[in-house]
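Asker: Input: one structure, supplied below.
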Amino acid sequence: MTGHGGRGVLQTSVERDPPGPAGGGRQQLVVKTNTSRQSRGVRSLRRGGWDVIVHHSSEDYNLSTALRQSLTQQYASWFFYLPLALAVPPSVFAVHIQFNLLYQFWIHTELITHLGPLEWVMNTPSHHRVHHGRNRYCIDKNYGGTLIIWDRIFGTFAPEGDKVIYGLTKPIKTFEILSVQFHYYLHIGQTVWNAHGIKNKLSYIFKGPSWRPGQPRLGDHKEIPKVIGVVTPYNPAWSMVLQAYVSLQFLLLLTIYNDVLATKALWLTEEYSEEAEIPAAPSVRDSRRWSDSNSKCLNCQMLSQQTLLLMAGYIIFTLTSLGLIIDQ
């Protein structure tokens, strides 16, 4: 989450590279410094921040933007945390990665302007608005998650100036969830496929987002479309009937999703409680009672896995359908 990636042909910001957890004192300084360098390394992967395109594709900037995340992010971010395992205890890592995650939720807002002296050290809504912008002065700026001092040290800091226009430099103009989640994978795949020579193919992957043959490693930001005047976010017109239908369907979807989470938590509670209730020297009656209840729990879990799969399919199908309805 601390590390933020570069943005070019399509705005690519590695929002979800959490900072190296710190224990305090000198250890904190060392780990945090490593994290800042880590974030700069993330930026150098041209399409290494593919999964963060989802987060930065939003053309609005509010608390819901903080929750707009990629399905594939958790499968890519671990690589950047791996070196921390050599020096940072897992408990310290867990605490700090969660703190960083929670901290960055509230800074996704336009309601807070400036916070005075805190702006010198901490990442604030103003600083993070710049990071989400597609104005030229916002590109590759303000990677910090919790602290902004690393951007000041490494020269990637930019104060908020002209009104920030949010989103990708080439907006995707769709609410269809599968397109939002995976369109960039198709884009980079086609780009690499069409590139001539293995050197150029690798460069498209590991260099800056706007890189092209004959350009510097991070590409030429002058080629990024210049934002002039007022830009209206993608917001197709649709009837009140469709709005009511989508709203009701989405509320139903939230209910289903909440039920999935509650059921999952219940499974864990039942499993752990059953294990904890096994007597050290069980009697025949205790053993039979535990065996019967444990069998019920296992049977319930086997059936619930099928139900969970159906629910997951329903959630994905519904979100995709709602996105298509809005687009039409």
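The values are calculated or read from the model by the stated rules, or taken from the named source; none is laboratory data. These numbers come from a predicted model, not from an experiment. Because the Cβ atoms are built from the backbone with ideal geometry, glycine has one as well, and the counts that use them run over all protein chains shown. When the accessible area is computed, the model is the full protein with side chains, heavy atoms only, and any ligands, DNA or RNA have been set aside. Shrake-Rupley method; radii C 1.70, N 1.55, O 1.52, S 1.80 Å.
Asker: Tell me the accessible surface of Glu119 in square angstrom (1.4 angstrom probe, heavy atoms of protein chains only), to the nearest ten.
Answerer: 20 Å²
Asker: Assuming a ≥ b ≥ c are the square roots of the Cα gyration tensor eigenvalues, decide whether the range 68-149 counts as rounded (a/c under 1.5), prolate (otherwise, with a/b larger than b/c) or oblate. Before the final figure, lay out each step's value.
Answerer: Working: a/c = 2.08, a/b = 1.57, b/c = 1.32.
Judged from the Cα gyration tensor, the range 68-149 comes out prolate (a/c at least 1.5, a/b above b/c).
Asker: FRET efficiency for Gln215 and Trp106, Cβ-Cβ distance as r, R0 = 56 Å, nearest 0.05? Please report the intermediate quantities before stating the final value.
Answerer: Details: r = 38 Å, r/R0 = 0.67.
Using R0 = 56 Å, I get an efficiency of 0.90.
Asker: Any idea of Tyr257's accessible area? Nearest 10 Å², probe 1.4 Å.
Answerer: Probe radius 1.4 Å; accessible area of Tyr257 about 120 Å².
Asker: Continuing with the same structure: Report the paramagnetic label zone for Ala312: residues of the range 62-92 whose backbone N is under 17 Å from a point 7 Å from Cα along the Cα-to-Cβ axis.
Answerer: The answer is 70-76.
Asker: For a test of the definition: using alpha carbon positions, the gyration tensor, and the 1.5 limit on a/c, classify the range 164-225 as rounded, prolate or oblate.
Answerer: On the way: a/c = 3.07, a/b = 1.36, b/c = 2.26.
Because a/c hits 1.5 or more and a/b fails to exceed b/c, the range 164-225 counts as oblate.
Asker: To continue, here is another question. How much accessible surface does Phe99 have with a 1.4 Å probe, in Å² rounded to 10?
Answerer: The accessible area comes out at roughly 110 Å².
Asker: Further, regarding this structure: If you take every residue apart from Glu160 with its C-beta less than 12 Å away from the C-beta of Glu160, what net charge results, scoring Lys and Arg +1 and Asp and Glu -1? Could you put the intermediate results ahead of the total?
Answerer: On the way: positive: Arg129, Lys141, Lys163; negative: Glu110, Glu119, Asp162.
Overall, the nearby charge balance is 0.
Asker: Then there is this: With Cβ to Cβ distances under 9 Å as the rule, what net charge do the other residues near Asn135 carry (K, R +1; D, E -1)? Display every interim value, and only then the final one.
Answerer: Working: positive: Arg134, Arg136, Lys163, Lys226; negative: Asp162.
Computed value for this residue: +3.
Asker: Summing +1 for each Lys or Arg and -1 for each Asp or Glu, what net charge is found among the other residues whose Cβ lies under 14 Å from the Cβ of Gly323?
Answerer: Numbers: positive: Arg68, Lys173; negative: Glu176, Asp327.
That works out to 0.
Asker: While we're here: If I model a spin label as a point 7 Å beyond the Cα along the Cα-Cβ vector, how far apart are those points for Gln98 and Leu202 in nm?
Answerer: So the two model labels end up 4.1 nm from each other.
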